[in-house]
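J.: Take this structure, written in structure tokens, and hold onto it; I'll ask about it next.
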Amino acid sequence: MSTARSKISGLRSRLDETLFRDSPPATPAAQRRPELTVIAGLFLLAILLQMLRVGWSASLHSLWAEDGAVYLSGAVHNGFGGSLFDTYATYLVFVPRGIAELADLLPLADAPAGISILSGAAVALSGLVVWWATAGLIEDPYLRGALAALTVLSPVGGLESTDSAAYVPWYMLFASFWVLLWRPRTTGGAVFAGLFVLLTGLSTPGVWFFIPLALLRTLASRDRRDAIVLAGYWIGASVQVPVLMFNEEEAVSPLWTSDIWTAYLQRVLDGAALGFRIGGEAWIQAGWAFLIALLVAAIAALVWGVMRSNFGARLLAAVAIPISVAMFVVSAYQRAVGSDLMWQPNDAAEAAGRYAIVPSLLLVSVAFVMLDRRSRRRRDEGRPRWLAVAAAALAALVIAASFYVGDTAVRGAPPWEAALDAGAETCAAEGTSDSGEAAVPTSPPGWGLSVPCDQLP
């Protein structure tokens, strides 16, 4: 018994020292105000950049997919708070519904702008969480900034998952992975982290993929702050269990296909390294020769990183890489999109890019943690940290190449104001201005929602 306790105690100590490291000391009070000003500026910039990715007009004047047909529709028909705990796709989607509920407080004509800005703010907050939470394992500011930027401006998500309430949980999911690695220095920081991961759990069962990491964090728990963070995770993850068990909504029939493995190499490994645009073009030009070369290079880089890193970096790789594979494969199987995700020869479509966001960022996280370890050694030896700078520069190039995802024929037509006007004319023509509803089309073509006539302008 004493031997077992000694081994557990030794493992806890090793996890403390290497994987779940304390955050750096707080910024001195004299520097706090300038730092907060910079954070606020970058936060607003992150929101604006997301809107610009889909096009300014499309972002402010159109509703995308479930944002209108499901979430705003629920808010319009059920009043404030009435649809917050309604399920969609068989599970709770608290944050997307909350965004729509808040947007519904605005005049109906401004609902798209409200959803766009609030969605951008939620993703920007996820990037900020990644910046804070990575401080214990990634000291290099270039690498931390690059990972935060890759979170906010995902180069693999494409049009469907950019600046949309429906897909905010994917970004929160990646940030929550890092929350489980984060040890805030204050109780206030722990409460914020716990609330963040709780909201993520109430919005997607994807947090279940992080159970191995959560178990390690539970084993290494040492104080009230750890308990607060873990309570947020386990409560959010547990709530989704009975919801899925007793939900009677029709779900997509799972479909297995071996295409999923090819899709993982194309959309996740390729996406993590080069993003959608550059990686997709490389596939079109070189096909399997490029993909095999990339796989060999990735394996070689992993072996190199394992040999030159510490226990914490190796353990992170042992946890994050299987989670990346499992999340992509299981999600593609459950949602029957394996073949849709796979690129055909001479083609690289962005369909269903949301499934690659978290898995690819997990691979990048492993690479950055290992590079940071190497960068620290070079700094201690007085040598330049060119690997970290090169990785950050590559991330900037990848983001720039995949930045614009707009397509006005798909997202932006019809303009929301014109759709509302047409709905109001329908109500007037049918004499149902005080009762009844009108169909209001949204983007992409074929989507829409019904709006009560008395709410139409």
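J.: Report, by residue number, each residue of region 331-348 that is within 22 Å of the chain's Cα centre (by Cα) and farther than 15 Å from VAL268 by Cβ.
T.: Selection gives GLN334, ARG335, ALA336.
J.: So, VAL197, is that one closer than 30 Å to ILE8 by Cα and touching a helix residue (DSSP H, G or I) at 6+ places or on another chain (Cβ under 8 Å) or not?
T.: yes
J.: A further question follows. Looking at region 160-183 only, could you name the residues that are part of a loop (DSSP other than H, G, I, E, B) and out of contact with any Lys or Arg (no Cβ under 6 Å at 6 or more places or on another chain)?
T.: Within region 160-183, GLU160, ASP163, SER164, LEU181, TRP182 meet the criteria.
J.: What about ASP421, is it exposed (fewer than 15 other Cβ atoms within 10 Å of the Cβ), over 29 Å from the mean Cα position of the chain (by Cα), over 26 Å from ARG308 (Cβ atoms) and of a type outside the set (A, V, I, L, M, F, W, C)?
T.: Considered against the rule, which asks whether it is exposed (fewer than 15 other Cβ atoms within 10 Å of the Cβ), over 29 Å from the mean Cα position of the chain (by Cα), over 26 Å from ARG308 (Cβ atoms) and of a type outside the set (A, V, I, L, M, F, W, C), ASP421 comes out as no.
J.: If you go through region 242-271 one residue at a time, how many are free of Cβ contacts under 8 Å to residues at least 12 places away in the same chain and assigned to a helix (DSSP H, G or I)?
T.: Of the residues in region 242-271, 3 are free of Cβ contacts under 8 Å to residues at least 12 places away in the same chain and assigned to a helix (DSSP H, G or I).
J.: Taking only region 93-146 into account, find how many residues are assigned to a helix (DSSP H, G or I), over 17 Å from the mean Cα position of the chain (by Cα) and under 30 Å from LEU19 (Cβ atoms).
T.: Residues that pass the stated criteria total 5.
J.: Pull up region 205-231, narrow it to residues that are without any contact (Cβ under 8 Å) to a residue 12 or more places away in the chain and closer than 21 Å to ALA318 by Cβ, then point me to the one that is farthest from the chain's Cα centre (by Cα).
T.: By that ranking, first place goes to SER221.
J.: Another question about this same structure. Can you name every residue in region 315-366 that is within 21 Å of LEU216 (Cβ to Cβ) and either surrounded by fewer than 20 Cβ atoms within 10 Å (Cβ to Cβ) or in contact with a Pro (Cβ under 6 Å, 6 or more places away or on another chain) (or both)?
T.: If the condition is that a residue be within 21 Å of LEU216 (Cβ to Cβ) and either surrounded by fewer than 20 Cβ atoms within 10 Å (Cβ to Cβ) or in contact with a Pro (Cβ under 6 Å, 6 or more places away or on another chain) (or both), then LEU315, ALA318, VAL319, ILE321, PRO322, ILE323, SER324, VAL325, ALA326, MET327, VAL330 are the ones that fit.
J.: Among the candidates LEU36, LEU15, LEU11, which residue alone is in a helix (DSSP H, G or I), among the hydrophobic types (A, V, I, L, M, F, W, C) and more than 27 Å from the chain's Cα centre (by Cα)?
T.: LEU11
J.: Follow-up question, since we're still on this one. Out of THR200, THR151, report the one residue that is within 15 Å of the chain's Cα centre (by Cα), assigned to a helix (DSSP H, G or I), among the polar types (S, T, N, Q) and within 27 Å of ASN310 (Cβ to Cβ).
T.: Testing whether each residue is within 15 Å of the chain's Cα centre (by Cα), assigned to a helix (DSSP H, G or I), among the polar types (S, T, N, Q) and within 27 Å of ASN310 (Cβ to Cβ) leaves just THR151.
J.: Next question, about the same structure. Counting only residues that are assigned to a helix (DSSP H, G or I) and either in contact (Cβ under 8 Å) with a residue 60 or more places away in the chain or small (Gly, Ala, Ser) (or both), which one in region 184-197 is surrounded by the fewest Cβ atoms within 10 Å (Cβ to Cβ)?
T.: By that ranking, first place goes to GLY188.
Each reported figure results from applying straightforward, stated rules to the coordinates on display, with no laboratory input. Since the model is a prediction, treat every value here as computed from it, not as a measurement. No Cβ is skipped: glycine too gets one built from the backbone with ideal geometry, and neighbour counts run over all protein chains shown.
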